[in-house]
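Trainee: Below is the structure I would like to discuss, written out as structure tokens.
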Amino acid sequence: MKRTILTAVSLLILFVLPPHLSAGPQSWQQAQKIAERIGCWAKNSVAPMTPGNVFLKMGDKETAVPLKLTNWGDTEVTSISYTFYYTDKQVSEGPFVLHFDQPLKEGETREVKIPIKPGQKLGKEEVLFNITQVNGQYNEASAGYAYLTCCTVNKMPHKRVLVEDYAGMWCWHCPIGLVATDAIARMYPDDVVAVSVHKTDDISKVVSRLVYEGLIDRYAVTVPAVWVARDNKAAGFDITDAFKIEKSKVTYMNMEVDAEWDENGNNIRVKTQVEPCMLPDEGETFAIGYVMTASGLSDDKWRQESNYAEYSSDSYKDAPEEMKFYADAANYVEGWSQVKGMVYNHVAIESQGMDNGLEDSKMTDFRADEVKTHSTTFEGVNKYSVIRDRSKIEIAAVLFNTKTGKIENAARCSVRNHGTTGIRPNLVQEQKKPEGIYDMQGRKVNGKPTPGIYIVNGKKTVIR
């Protein structure tokens, strides 16, 4: 591929040369020389790919960060020299030398681990990674550098993504959103908080009339409407890309939620813990909203508008397994446009403060290692007779930045029996446990480690 591109560049140069230079046996050699001067045929040329956000834990000596390097030169690479420039501190470090166990071949892209020191305070900092030499010679790459967004944290963040699906039984397109939401929740159970909001249908009649009050008109003018963190209205049955984009964003806050039934089994007591993994800007305020959801909802009388011809066609052959229900002729009644026997999941039954957080949950002035808490109660749950299986009730907690209106993070939990031990540990206690993978020099390894001996959760382990 590389040689093809270089040949094409030389041909282009040959084409634009004046007639008296483009004729004759020396013209091709001349075009090659011009291409070489502009860097097309560099000898020692290595460029890094921008890795996105890099998380470094405060107190660690170094973190081994995965970076992808590409050899754009026409010779094998055995070593590179590189420097760091910390933009906030305006300090340079290096040069450092990385020797390859196996030479980086011409045109090869390889992931390597580069040790980076965490910052001296919690927060984000842009760090310039610059490859200065290749094989001991000047790096001829036109872009031999990359900016790293280094996030120094007191605990590795766990970003969960809120996915809200607005649907109606009267809408034959809505199975697409229902399938997309169920599928992403199944594929990423630890990272997705799913909520399904029904609009003017049989389900909306049996849940709280105030659920998502004001939000349905705002986010569901038309349905289906699948919103990822309320920033991205996703389309189609596969919303993986939209989820991954949101998942990759930096969060300043970790959060966990716990819920239990009260003594009478009719109210749900909820407690949320919020802890900064990086300190937010001074004066920023956060607040929490809550949703009680239920899965496994069904009724023999319910009918969902659908389209057998559409969902059984080749257009949906790559759809998630959840689409098979709508592609099965046995589930259709009344002229192939309605299905029976549906099971609805993640259905919003009741909500509190889901616009921008509850007023009494507002939190500000965070300190490192400080856990702030908020409690609320969902009362009279037994009145929702549509819930047949109480074990499938979940509580979703959503953390809002009240200044920006953006969703900072989210969490969810099932509801435990009264008096049983909470399933989620205190965030500070959890932080003190050994976690992660370290190399034999004590450096934290992010991403998939290369084969070798590592310290995994405090124990020496061979990774093959």
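Trainee: Which residues among the stretch 103-145 fall inside the zone where the amide N is under 18 Å from a point 7 Å beyond the Cα of Asp369, along Cα→Cβ?
Mentor: What the label zone holds, given the 18 Å backbone N cut-off, is 119-123.
Trainee: Let me ask another. If you average the alpha carbon positions of the stretch 115-191 and of the stretch 337-393, how far apart do those two centres end up, in angstrom?
Mentor: Cα centroid of the stretch 115-191 versus Cα centroid of the stretch 337-393: 27 Å apart.
Trainee: Note the full-extension length gain between Met49 and Trp336 as 0.36 nm times their separation in residues minus their Cα-Cα distance, in nm to one decimal.
Mentor: Working it through step by step, the gained length comes to 98.2 nm.
Trainee: How long are the three semi-axes of the equivalent ellipsoid of the stretch 246-381, in whole Å, if each is the root of 5 times an eigenvalue of the C-alpha gyration tensor, listed from largest down?
Mentor: On the way: eigenvalues 341, 93, 26 Å².
Calculated on Cα positions only, the semi-axes equal 41, 22, 11 Å.
Trainee: Whole Å is fine, so just give me how far the alpha carbon centre of the stretch 287-336 lies from that of the stretch 239-257.
Mentor: First find each Cα centre; the distance between them is then 27 Å.
Trainee: In addition: To the nearest 0.05, what FRET efficiency results for Lys301 and Tyr138 with a Förster distance of 60 Å applied to their C-beta separation? List each step's numbers first, then the result.
Mentor: Numbers: r = 76 Å, r/R0 = 1.27.
The formula returns an efficiency of 0.20 here.
Trainee: Just to verify a number: FRET efficiency for Ile245 and Ser391, C-beta to C-beta distance, R0 = 41 Å, to 0.05?
Mentor: For R0 = 41 Å, the calculated efficiency reads 0.80.
Trainee: What FRET efficiency comes out for Asp202 versus Ser414 if R0 is 22 angstrom and r is the Cβ-Cβ distance? Round to the nearest 0.05.
Mentor: About 0.30, to the nearest 0.05.
Trainee: Let me ask something else about it. Could you please state, rounded to a whole Å, how far the C-alpha centre of the stretch 262-281 is from the C-alpha centre of the stretch 49-72?
Mentor: Using only Cα atoms, the two centres lie 33 Å from each other.
Trainee: Next up: What distance in nm lies between label points placed 7 Å from Cα along the C-beta direction at Arg186 and Asn382?
Mentor: 3.5
Trainee: Distances over 22 Å make up what percent of all Cα-Cα pairs in the stretch 176-266?
Mentor: Taking all Cα-Cα pairs of the stretch 176-266, the fraction more than 22 Å apart is 42 percent.
Trainee: In debye to the nearest 20, how big a dipole does the stretch 161-431 give about its Cα centre with +1 on each Lys and Arg Cβ and -1 on each Asp and Glu Cβ?
Mentor: It works out to roughly 380 debye.
Trainee: With the radius of gyration and the Kirkwood radius both derived from the Cα set of the stretch 161-431, what is their ratio Rg to Rh? Could the numbers behind the result be given before it?
Mentor: Working: Rg = 19.0 Å, Rh = 19.3 Å.
Rounded to two decimals, Rg over Rh is 0.98.
FYI, it's all coordinate maths here, none of it is from the lab. This one's a predicted model, so the numbers in the text were calculated from it and none came from an experiment. Methodologically, a virtual Cβ is constructed for each residue, glycine included, from the backbone with ideal geometry; neighbour enumeration extends over all protein chains shown.
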